[in-house]
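Following: one structure in structure tokens, then a few remarks.
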Amino acid sequence: MFRDAARQHSLLDKTLAEMDPTPYEFFFQFEDGSGRHQYRNGDWEAHATFWRRRRETSEAEALRFLSEKFNDEYPKRGMAFAIGNMAKRPKTWQLLGVLRLDTAQGVLL
């Protein structure tokens, strides 16, 4: 369950393989030199954050929090996407993780 992941189990924990997704799909849209892209956010930490924040506050507040983090804070500080594929979908590129870089004027801190 994604709710269990919010309690920071090990990535190797069997419960992570059995997690329920959130009732939402999260996407990132961006443009680069090759055009416009849209990737579904398959990062389990984003979904675990949703469950934890919803439990602590409300569903609306959890969605607002995620929107603020990923649409405002991370782009301002610098961010990168971990893109790859998984064994069950070897030909499909997916967004597997979101990394905040904490850059200042293009320099990694």
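What order do you get for Asp32, Asp102 when you list them from fewest to most C-beta neighbours inside 10 Å?
Final ranking by Cβ density, sparse to dense: Asp32, Asp102.
In segment 20-103, which GluC sites (Glu not before Pro) fall in coil by DSSP and have 16 or fewer other Cβ atoms within 10 Å?
Listed in order of number, the matching sites are Glu25.
Restricting to DSSP loop positions (anything but H, G, I, E, B) with no more than 16 other Cβ atoms inside 10 Å of their own Cβ, which trypsin sites (Lys or Arg not before Pro) remain in segment 22-109?
Sparse-neighbourhood loop trypsin sites (Lys or Arg not before Pro): Lys88.
Among rounded, prolate and oblate, which fits segment 17-106 when a ≥ b ≥ c are the square roots of the eigenvalues of its C-alpha gyration tensor, a/c under 1.5 means rounded, and a/b larger than b/c means prolate?
oblate
For segment 42-48, what does the Karplus curve 6.51 cos²θ - 1.76 cosθ + 1.60, with θ = phi - 60°, yield as ³J(HN,Hα) per residue in whole Hz, taken in order and with x for Gly and Pro?
Couplings: x, 5, 4, 5, 5, 5, 5 Hz.
Only the coordinates and a few stated rules stand behind these numbers; no lab work does. Everything numeric in this text was worked out from a predicted model, so none of it was measured. No Cβ is skipped: glycine too gets one built from the backbone with ideal geometry, and neighbour counts run over all protein chains shown.
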